[in-house]
Amino acid sequence: MSEVRHNWTKEEILEIYNKPLMELLYEAATIHRLHHDPNAVQVSTLLSIKTGGCSEDCGYCPQAARYHTDIDGNELMPVQQVKAQALRAKASGSSRVCMGASWRNVKDGPEFDEVLEMVRTINKLDMEVCCTLGMVTENQAKRLAEAGLYAYNHNLDSSEEYYKEVISTRGYQDRLDTIDNVRKTNVTVCSGGIIGMGESIEDRAGMLVALSTLSPQPESTPINALVAVEGTPLEDQQPVEIWDMVRMVATTRIVMPETQVRLSAGRTQMSQEGQAFCFFAGANSIFAGDKLLTTPNPDVNEDMKLFAKLGLNAMKPFTKKVQPKSVSAEESEYQPLGENPKWTRPEHKIARNEEAKQKAKEIRAAEKAE
Ligand code: SAM
Ligand code: DTB
Ligand code: SF4
């Protein structure tokens with residue numbers, strides 16, 4: 001086993017990222033084999049339990065209410081529907097369901113109680129349960145853990161510097177604090193980011209410094225390629241080249257040898273050969289199912305055909321860590337605290353976010369006038 005280091009510098013990471021590709025691939029694939037079964041890939045299914053209408057201004061996100069995107073927003077999904085979707089995901093080979101909500105942060109109350117019930121329901125199906133609900137307090141993280149949550153996803157998204165060019169309504173430190181709150185429980189941490197938002201290679205390295213110097217490092221790290229959605233401030237970004245994705249995956253694998261590196265958003269734009277390169281470079285997880293949260297994803301049957309061609313196997317649930325116990329609401333030892341934490345609202349201006357907001361206002365006004 002190679003050691004897990006928590007003191008990577010940006011310079012060291014840049015040097016790895018910029019190596020001649022064949023050397024980078026060889027090194028990443030070697031480290032991958034020391035820490036993982038190279039033919040085992042963990043498969044997660046995303047489920048948007050609350051879509052659209054979000055208060056935040058994340059420049060990449062089609063669910064932000066302030067931009068004009070073609071999203072059908074809805075109320076919180078009923079528990080029974082979540083169960084039906086989870087069963088479908090299990091039947092198609094997924095070991096994990098990741099439930100996403102278009103929230104800035106979790107608020108104590110009936111909707112969070114419903115989410116806790118969803119966690120208990122999926123845990124009982126013997127699947128790994130992940131949630132991505134925005135920022136959480138320590139008490140909320142403990143309640144999720146007690147319900148049987150396996151992982152919490154909260155991405156750093158980019159380097160601290162470039163983050164300020166993408167999001168103005170919440171701070172980087174709040175993201176780190178949320179990850180810290182999750183770490184106070186036995187829930188595993190899933191944290192990664194997005195490439196293709198106009199960031200530099202230094203920013204990609206900066207994000208990997210922030211992730212790899214967490215101690216412990218995240219158990220899983222999604223690497224998303226931006227899905228440029230019409231109406232968002234990043235709608236005109238050109239797709240990332242496959243080589244950037246391969247380099248990012250390989251570098252992530254080298255600096256975080258034990259994490260599950262997840263090929264996340266952007267797979268519809270990748271060829272099968274491109275994805276195979278990413279698996280060789282150390283990716284060992286995917287999101288499966290024809291939809292991510294709101295945007296398309298490859299057909300699961302096509303994914304399974306690709307697995308068969310490459311000799312990859314879908315990992316069984318709880319391969320890496322035992323199934324967490326799930327305590328019923330009646331037996332819970334935690335109470336909602338009705339907290340109102342002071343999460344940061346930097347509210348600096350980001351020109352392209354302002355532009356997209358203005359454009360959305362004009363479109364809405366024109367629609368109203370029709
Ligand atoms: N609202 C919660 C939050 O922001 O923490 C959870 C859901 S949010 C959609 C989860 C993550 O999805 C984001 O942090 C971002 O990394 C990713 N994401 C959102 N829109 C994306 C896009 N258009 N392309 C790639 N990744 C995206
Ligand atoms: C992550 O890193 N990527 C997923 C999951 N975690 C929640 C979300 C991708 C969303 C892509 C845009 C959409 O479908 O709305
Ligand atoms: Fe809201 Fe999350 Fe989208 Fe940001 S990424 S706008 S917080 S749903």
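Only the coordinates and a few stated rules stand behind these numbers; no lab work does. This one's a predicted model, so the numbers in the text were calculated from it and none came from an experiment. When we count neighbours, we look across all protein chains shown, and the Cβ atoms used for this are built from the backbone with ideal geometry, even at glycine.
Think of the chain as a dipole: +1 on every Lys or Arg Cβ, -1 on every Asp or Glu Cβ, centred on the Cα centre; then among LEU116, GLY282, GLN217, LEU116 lies furthest on the positive end. Each distinct pair of alpha carbons in the stretch 1-130 adds a 1/r term; the inverse of their mean, the Kirkwood radius, is 18.2 Å. So if each residue of separation counts as 0.36 nm, and I subtract the Cα-Cα distance between LYS342 and LYS164, what length gain in nm does that give? The LYS342-LYS164 span can extend by a further 62.2 nm.
To the nearest 0.05, what FRET efficiency results for LYS305 and LYS124 with a Förster distance of 30 Å applied to their C-beta separation? Walk me through the numbers before you get to the answer.
Details: r = 31 Å, r/R0 = 1.04.
Here the calculated transfer efficiency is 0.45.
Computed from the C-beta positions of GLU12 and ALA365 and an R0 of 41 Å, the FRET efficiency is 0.20 to the nearest 0.05.
Note on the chain: helix-only mean residue ellipticity at 222 nm, from DSSP H runs of 4+ residues weighted -39500 (n - 2.57) and normalised by residue number, equals -12000 deg cm²/dmol. A Cβ-based charge dipole, computed about the Cα centre of the chain with Lys and Arg at +1 and Asp and Glu at -1, lands at about 720 debye. Label positions at LYS316 and ASN186, each projected 7 Å from the Cα along the C-beta direction, are separated by 2.0 nm. Phi-derived couplings, Karplus 6.51 cos²θ - 1.76 cosθ + 1.60 at θ = phi - 60°, listed residue by residue for the stretch 292-302: 7, 8, 10, 10, x, 9, x, 5, 4, 5, 5 Hz, with x used for Gly and Pro. When only Cα pairs below 8 angstrom with a gap of at least 6 residues are kept, the chain shows a relative contact order of 26 percent. Legend note: in the chain, cysteines whose Cβ sits 4.7 Å or more from every other cysteine Cβ are CYS54, CYS131, CYS190, CYS278. Treating r as the C-beta distance of THR213 and SER332 and R0 as 30 Å, the FRET efficiency rounds to 0.30. In the chain, a dipole from Cβ-located charges (positive for Lys and Arg, negative for Asp and Glu) runs towards its positive end, and of ALA64, GLN85, HIS348 it is GLN85 whose Cα lies farthest in that direction.
Multiplying the residue separation of ASP37 and ASP72 by 0.36 nm and removing their Cα-Cα distance gives an extension gain of 8.6 nm. Kindly identify the chain as rounded, prolate or oblate by the Cα gyration tensor criterion: order the square roots of the eigenvalues as a ≥ b ≥ c, call it rounded if a/c is under 1.5, otherwise compare a/b with b/c, prolate if a/b is larger, else oblate. Rounded, because the longest to shortest axis ratio a/c is under 1.5. Determine which residues of the stretch 146-172 fall in the zone a paramagnetic label at VAL4 would reach in this model, i.e. backbone nitrogen under 19 Å from the point 7 Å along Cα→Cβ. Those under the cut-off are 150-156.
In the neighborhood of LEU46, defined by Cβ-to-Cβ distances under 10 Å, what is the net charge if each Lys or Arg adds +1 and each Asp or Glu adds -1? That works out to +2. Cross-link check: pairs LYS184/LYS320; LYS90/LYS325; LYS90/LYS321; LYS107/LYS142; LYS10/LYS164; LYS164/LYS368 evaluated at a Cα-Cα cut-off of 22 Å; pairs beyond the cut-off: LYS164/LYS368.
Shape class for the stretch 125-269, computed from the alpha carbon gyration tensor (a ≥ b ≥ c): prolate, with a/c not under 1.5 and a/b above b/c.
Loop-resident GluC sites (Glu not before Pro) (DSSP state other than H, G, I, E or B) in the stretch 1-44 with no more than 15 further Cβ atoms inside 10 Å of their Cβ: GLU3.
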